[in-house]
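What follows is one structure encoded as structure tokens, with my remarks underneath.
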Amino acid sequence: MAKSKLRSAAWFDTPEYYGFSRKAWLRSEGFGRHIFDGKPIIGICNSWSELNNCNAHLRTVAEAVKRGVWAAGGVPLEFPTMSLGEMFLRPTSMLYRNLMAMDVEESIRGYPMDGVVLLCGCDKTTPAQIMGATSADIPAIVVTGGPMLSGQWRDRKIGAGTDGRKLFDLHRAGKLTDDELCEIEGCIARSAGHCTVMGTASTMASLAEAIGLTLPGCAAIPAPDSRRLEIAERSGYRIVAMVEEDLRPTRILTRQAFENAILIDMAIGGSTNAVVHLLAMARRAGVPLSLDDFDVLSRKAPCLVNVKPSGEYLMEEFFAAGGVPVVIERMLDLLHGDALTVTGKTLAENNSGAQCWSDDVIRPRGNPLSDEGGTAILRGNIAPDGAVLKQTAASPHLMRHRGKVYVFDSYQHMREQIDSPDLPVDENTILVMKSCGPKGAPGFPEWGQIPIPRVLLERGVKDVVRISDARMSGTSFGTVVLHVAPESAIGGPLAAVRTGDEVTLDAPARSLQLHISDEELATRMAAFQAPPPHFTRGYGKLFLEHVTQANLGCDFDFL
Ligand code: FES
């Protein structure tokens, strides 16, 4: 490639001292001078970390990417960024998604690279890298790390997240011993890779593929499978040509591409967190997208993928059945098949003719898991800017439900009370939890799946309606209304709900209504007092001052 066309030429191909010294400093790593003869420099943006088990194998994946880059005539240079380990990062990884996105963006912007390969996996790492790379807007391709192997407990396959929560609840109810729980702890997550249900990580990997940012078939390959390294190698090969073609994220991330991603999100029964991340990604790409788009498209798209928590299987079976290409193939009449992808070809060209190997795992259009997509957008007097319900993971008998409310003022309040033998709740009670939104918790944690109170568990109750301004793990399930906006901590109407009020959830009508008069609601809202800020310095202060609400994607207002 002509050196003058390369972005990296601005660092290396200049006559002054720094042109010389940058070459000398890079050669200190043992490279020969041939790397400056017009080869594109490809950054490998690696979110590897031992504090993030889901991404712990990404150094091996990076080596495969490098092989592909060298083979295609590029020069690969790997660099680290922040890594967000969902299980370990406190108070919640979502507090840091925007920080990681800034790290990725500024690393790309500040360093000499002509294209970038994004290595991600765990929940927030995929949207954070895409957000940052979109803002930097140089040619970029995503390689997700793939799901971990299915858990195996005795004769049962179990999925990290979804089954873990169910089994833990059995232990809480005294139906599993301490020893059995310990045994499960050792076999539920059997390898590196992200959670193996259709949680947020699998969802975002699938959507990165559907939106056109990965090679076809990337999302579902298990993390330890040799084909994961092969697709990484091919991605490394492909990014070199993408530099020549100037195939940047903003050329791929069009309104049509986002509509495709939403439709596939519905078809896979994707995580509710995808709503927040897609909204943020769209804003980075300058594409208008709103919660209403999710609702309109969710009514058009059936749920086809029979993977937990909406269905029965795990990501390994989804991969064996054909993965995302089959879902795209089955949805093509609803999709914008002409959307451009990282292959340089269209979505339809990439996926037409994909073969399905199990019509039970990936259902045909004539036999969907449900007729409507997984994510319903609700509105009402306690959620004027919207709320989200994953209806495919909810209980059918609670989809239209009126009940008396029991309010927890905070997550801590809920933890103190949830196992109380005197908790005044029954199977019709609606549990409401406040102060769990972007600013209230802070950081918008995944606390929305309020555990079933012990008094109800002991009576065999498996689900009740739960409402909060929190998020929920994509691996979770139940009739759980989330992302209520505006959040209670900034005076959203959820703050006005009191124990003993009545609320109606009507999912088919997309409604969430508190049964008090407008005057009474206004009186209660007028009495609202904002809590003191959680942070008065540092990144936390920046977050509190600039994070947007859930219906806008929770990105910073200045990004
Ligand atoms: Fe990383 Fe589940 S903890 S994807």
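The values are calculated or read from the model by the stated rules, or taken from the named source; none is laboratory data. Quick caveat, the model's predicted, so the values are computed rather than measured. FYI the Cβ positions are ideal-geometry reconstructions off the backbone, even for glycines, and counts take in every protein chain you see.
Among the residues of region 506-559, what is the count of those that are part of a helix (DSSP H, G or I), without any contact (Cβ under 8 Å) to a residue 40 or more places away in the chain and hydrophobic (A, V, I, L, M, F, W, C)?
Within region 506-559, residues that are part of a helix (DSSP H, G or I), without any contact (Cβ under 8 Å) to a residue 40 or more places away in the chain and hydrophobic (A, V, I, L, M, F, W, C) number 4.
Could you identify the single residue in M198, M148 that is in contact with a helix residue (DSSP H, G or I) (Cβ under 7 Å, 6 or more places away or on another chain) and within 30 Å of G553 (Cβ to Cβ)?
M198
If you go through region 80-94 one residue at a time, do you hit one that is surrounded by fewer than 24 Cβ atoms within 10 Å (Cβ to Cβ), under 28 Å from R248 (Cβ atoms), away from the ligand (no atom under 16 Å from the Cβ) and touching a residue at least 12 places away in the same chain (Cβ under 8 Å)?
yes
A205 passes all but one of (1) in a helix (DSSP H, G or I); (2) at pLDDT 95 or above; (3) farther than 30 Å from A257 by Cα; (4) within 13 Å of the ligand (Cβ to nearest atom); which number fails?
(3)
Criterion first (over 18 Å from P127 (Cβ atoms), of a type in the set (A, V, I, L, M) and surrounded by fewer than 24 Cβ atoms within 10 Å (Cβ to Cβ)) does V296 satisfy it?
yes
Quick one: how many residues across region 65-86 are outside any strand (DSSP E or B), within 19 Å of C122 (Cβ to Cβ) and at pLDDT 95 or above?
Residues meeting the conditions: 6.
Just name the residue that is nearest to G236 (Cα to Cα) out of those in region 48-66 that are away from the ligand (no atom under 12 Å from the Cβ) and not charged (D, E, K, R).
V65
Got a sec? Which of I188, I264 is away from the ligand (no atom under 15 Å from the Cβ) and either in a strand (DSSP E or B) or not basic (K, R) (or both)?
I264
Look at T214 and say whether it is polar (S, T, N, Q), more than 16 Å from the ligand (Cβ to nearest atom), more than 16 Å from the chain's Cα centre (by Cα) and modelled with pLDDT of 95 or more.
When the stated conditions are applied, T214 does not pass them.
Sort out which residues of region 153-170 are of a type outside the set (V, I, T) and under 25 Å from the mean Cα position of the chain (by Cα), and write them in order of number.
Correct list: K157, G159, A160, G161, D163, G164, R165, K166, L167, F168, D169.
If you scan region 50-64, which residues turn out to be part of a loop (DSSP other than H, G, I, E, B), of a type outside the set (A, V, I, L, M) and surrounded by fewer than 21 Cβ atoms within 10 Å (Cβ to Cβ)?
Residue satisfying the conditions is E50 alone.
Of all the helices (runs of 4 or more DSSP H) wholly in region 269-363, which have at least 1 residues that are without any contact (Cβ under 8 Å) to a residue 60 or more places away in the chain and among the β-branched types (V, I, T)?
It comes to 291-300, 323-331.
Go through (1) in a loop (DSSP other than H, G, I, E, B); (2) away from the ligand (no atom under 16 Å from the Cβ); (3) not polar (S, T, N, Q) one by one and return the number of the condition L149 breaks.
(2)
Looking at region 148-172, which of its residues are within 18 Å of M87 (Cβ to Cβ) and aliphatic (A, V, I, L, M)?
Once the filter is applied, which keeps residues that are within 18 Å of M87 (Cβ to Cβ) and aliphatic (A, V, I, L, M), region 148-172 yields M148, L149, I158, A160, L167.
Of the residues E233, E244, E259, which is in a helix (DSSP H, G or I) and either of a type in the set (V, I, T) or more than 21 Å from L340 (Cα to Cα) (or both)?
Being in a helix (DSSP H, G or I) and either of a type in the set (V, I, T) or more than 21 Å from L340 (Cα to Cα) (or both) holds for just one of E233, E244, E259, which is E233.
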